[in-house]
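The values are calculated or read from the model by the stated rules, or taken from the named source; none is laboratory data. Since we're looking at a predicted model, the values are computed, not measured. Methodologically, a virtual Cβ is constructed for each residue, glycine included, from the backbone with ideal geometry; neighbour enumeration extends over all protein chains shown.
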Amino acid sequence: MKKIITIIGARPQIIKSSAISRAIITKYSSEIEEKIVHTGQHYDENMSEIFFDEMSIPYPNYNLNVGSGSHGVQTAKMIEGLEEIYLKEKPDAILVYGDTNSTIAGALAAVKIHIPVIHVEAGLRSFNKAMPEEVNRIACDHMSSLLFSPTNTGLINLKKEGFNLELTSKASANTPRVFQCGDIMFDNSLHFSSISDEKSKILEQMGLNQNEYILTTIHRDSNTDIAENLENIFKALVEISNLSGLSIVFPIHPRTRNKMKEQLSVDLFAEIESNDKFRMIDPAGFLDIIALEKNAKLIVTDSGGLQKEAYFFKKPCVILRPQTEWVEIVNNGNAILADADYHRIIDAFLQLNLKTDFTFPAFYGDGAAAEFICEKIIELI
């Protein structure tokens, strides 16, 4: 029996973790024991517990409740709390997802006391170290014993950084094993799509019709904390709505709502508030988000997760970032990088709205990534 500790801290990690927790419970419960630690990086009842409840994810065994703070303060609190848990639980490995402060803290606390690190979503690169996430993911990869890349691009990135893809030994920090496994969020999208069809009532509640709205999310500091960027994005969304007649459905994080009030010009904020085409709603649960994604005409987002989910549900996507780690969808013409540039956002929408020859190669695997990961943990840790 392998004992692993899974580290989660941000809402996307809660969702990602459900795929592997589900695989352990249904297929590997006699071979893997999982303990879950929530760092508390993002935690409130509306935005975290709804995911545990509606997705039947096991509740955390521990919650560090670190809350918000600077990168240094937040990460330091996590490392201190996680090391104490590791020493108590004595796991065979810890498992981290993605590129948050919870990810880097989980990995650093483990590798310092010689506990193997398993990194899911390894090898992703935006090649922009001004993004804290880029620093986190690179550092985590180089501390890990088992690295699981969702894409072939990630595998190539790791090879360029010196990882030996031909090793056959057990996994360790000195002999890290690297695999392309597909994307666990594709696993989740397949699993929860039919459940969303049954349970989500958000379209009926909001009076929305298929392909008559744009789904938008904005949360990155580089957009919300720079007044010019936020102004450009919302001016573009207003113009797109006027040009197309489409509504803008915007599940909005409380922090982004506050930034809108602080950063937007008085006239633009008033225009958005009075515009019945703008449908700002509280953060939605995952089943509702899936329903909104599946039925949108197009998605406009700065979220890495929504970029991929747009692709999973065959929706074009305007990306409000200068780079993306999901380069496949851009190179294949399913998404366009527009940053926070007013004209580029509008041009990207117009291009994607007119495009009809979309293709959807299997960049992200076959929907069985979680099972692959579990089997490699059993075999190599």
Worksheet, complete the sentence: Scanning region 343-361 for residues that are surrounded by fewer than 19 Cβ atoms within 10 Å (Cβ to Cβ) and in a helix (DSSP H, G or I) gives H343, R344, I346, D347, L350, Q351, N353, L354
Fill in: Residue selected from region 160-210 under the condition part of a helix (DSSP H, G or I) and small (G, A, S), by the criterion surrounded by the fewest Cβ atoms within 10 Å (Cβ to Cβ)
S194
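Conditions (1) of a type in the set (A, V, I, L, M, F, W, C); (2) closer than 28 Å to L380 by Cβ; (3) assigned by TED's automatic domain parsing to the domain that holds F372; (4) at pLDDT below 95, marked per residue:
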site: F51; (1), (2), (3), (4): yes, no, yes, yes
site: P58; (1), (2), (3), (4): no, yes, yes, yes
site: Q74; (1), (2), (3), (4): no, no, yes, yes
site: E83; (1), (2), (3), (4): no, yes, yes, no
site: P91; (1), (2), (3), (4): no, yes, yes, no
site: I118; (1), (2), (3), (4): yes, yes, yes, no
site: A122; (1), (2), (3), (4): yes, yes, yes, no
Item to complete: Any residue in region 21-32 that's touching a residue at least 12 places away in the same chain (Cβ under 8 Å) and closer than 14 Å to M1 by Cβ: show its pairings with residues that are outside any helix (DSSP H, G or I) and aliphatic (A, V, I, L, M) at Cβ separation under 6 Å, as long as the two are six or more apart or on different chains.
Response: I24/I32
Discussion item. Against the definition (hydroxyl-bearing (S, T, Y), surrounded by 22 or more Cβ atoms within 10 Å (Cβ to Cβ) and modelled with pLDDT of 95 or more), how does Y364 come out, yes or no?
Written reply: yes
Worksheet item: Does region 169-176 include one or more residues that are aliphatic (A, V, I, L, M) and either more than 24 Å from the chain's Cα centre (by Cα) or assigned by TED's automatic domain parsing to the domain that holds L292 (or both)?
Response: yes
Worksheet item: Do we find that T256 is modelled with pLDDT of 95 or more and either closer than 30 Å to H119 by Cβ or buried (at least 18 other Cβ atoms within 10 Å of the Cβ) (or both) in this structure?
Response: no
Worksheet item: Condition test on I24, is it in a helix (DSSP H, G or I), under 18 Å from the mean Cα position of the chain (by Cα) and modelled with pLDDT of 95 or more?
Response: no
Practice prompt. Can you give me the ranges of the strands (runs of 3 or more DSSP E) entirely in region 67-159 with at least 3 residues that are closer than 18 Å to P12 by Cα and touching a residue at least 24 places away in the same chain (Cβ under 8 Å)?
Written response: 93-97, 117-120
Discussion item. Six or more apart or on different chains, Cβ atoms under 9 Å: show the pairs whose first residue is in region 208-223 and aromatic (F, W, Y) and whose second is in a loop (DSSP other than H, G, I, E, B).
Written reply: Y213/L246; Y213/K277; Y213/A296; Y213/K297
Fill in: Boolean, N229 is out of contact with any Asp or Glu (no Cβ under 7 Å at 6 or more places or on another chain) and surrounded by fewer than 20 Cβ atoms within 10 Å (Cβ to Cβ)
no
